[in-house]
Amino acid sequence: MDIEKENPLINSRYGPLLAQLKDLNIFVRSQWFGKNLLELAILFAVINGIGIIAGEYERKTAIFLFSKPVSRKSIFSGKITVAIVYTLIPVMISTFLILPFVKTVPQNLDTPMFFKLLIQALLASALTVAIAGLVSIMVNDRVKGGLILLSCIVGDIVLANLLKWNFIDYSLLFTGDFSEAVLISLLGILIILGLSYYLIEKKEF
């Protein structure tokens, strides 16, 4: 049954959108990278990053951990690296799993677009882990810190869409202009890590 033909009202209102979603590449960009993966990656990043320091504080192991003859920066670097790896692996696996399903569609996937979006998603996810790590230094409660960060990200995306302020839209790091998104993510990671190193040296446990 062709819904568009059966219901003229739906066709008049959503016809252009339905036509776009029939395009495989638009569907992959908007529904996978712009929706499903976006949500998955941000959630994984926050969960993996928010406990880097806050988790140690809650378990009362921070004093023991940071009393070892190893610099705080080295310890934080090791923990954030593991958190980033644990986040990027599911992002990559889940993304590559859609390729077999794409082959069942009688359309060609824009491979360069696919891998560009994947690179953007990986860097944006790494940035989100870095931000979560920074929050974990400042907020000693994983639940509170995670909720604060998720609320800020969701609020940013909603506000950016309501006000049409694309320059603050966090989701565009996943689906926006490739060069701009990659540059912002890389610079963001460096800045956030630098600030994290500074704060971890000043933090009292």
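Distance between the C-alpha centres of the stretch 165-205 and the stretch 86-142: 16 Å, rounded to the whole angstrom.
Within the accessible area of the chain, the carbon and sulfur atoms contribute 67%, probe 1.4 Å, all protein chains present. The count of lysine pairs in the chain that are at least 8 places apart or cross chains, and whose C-alpha atoms lie under 25 Å apart, stands at 27.
For the residue pair residue 108 and residue 161, what label-to-label distance in nm results when each label sits 7 Å from Cα along the Cα-to-beta-carbon direction? Distance between the two pseudo-spin positions: 3.3 nm.
Using every pair of separate Cα atoms, the Kirkwood estimate puts the hydrodynamic radius of the stretch 77-153 at 14.4 angstrom.
Each listed q (0.08 Å⁻¹) maps to a log10 I(q)/I(0) for the chain, found by the Debye formula over equal Cα scatterers with no solvent: -0.35.
Rounded to the nearest 10 degrees, the inclination of helix 37-49 to the longest alpha-carbon principal axis of the chain is 10 degrees. Rounded to the nearest 10 degrees, the inclination of helix 72-96 to the longest alpha-carbon principal axis of the chain is 20 degrees.
Remark: the chain carries 58 Å² of accessible area per residue (probe radius 1.4 Å; ligands, DNA and RNA excluded).
Heavy-atom accessible area for residue 135, with the other protein chains in place and a 1.4 Å probe, reaches approximately 20 Å². Once the Cα atoms are used to define both axes, helix 142-163 deviates from the longest principal axis of the chain by about 40 degrees.
How large is the Kirkwood hydrodynamic radius of the stretch 13-106, in angstrom, based on all distinct alpha carbon pairs? Result for the stretch 13-106 stands at 16.3 Å.
When you filter the trypsin sites (Lys or Arg not before Pro) in the stretch 116-181 for DSSP loop state and at most 11 other Cβ atoms inside 10 Å of their Cβ, you are left with 164. Charge dipole (Cα centre; +1 on Lys/Arg Cβ, -1 on Asp/Glu Cβ; no other charges) of the stretch 134-193 amounts to roughly 200 debye. Charge dipole of the stretch 83-205 (Cα centre as origin; +1 on each Lys and Arg Cβ, -1 on each Asp and Glu Cβ, all else neutral): 200 debye, rounded to the nearest 20.
The values are calculated or read from the model by the stated rules, or taken from the named source; none is laboratory data. Quick caveat: nothing in here was measured; it's all calculated off a predicted structure. With ideal geometry, Cβ positions are generated from the backbone for all residues, glycine too; neighbour counts draw on all protein chains shown. Heads up: the accessible areas ignore ligands, DNA and RNA and are worked out on the full protein's heavy atoms, side chains in. Shrake-Rupley method; radii C 1.70, N 1.55, O 1.52, S 1.80 Å.
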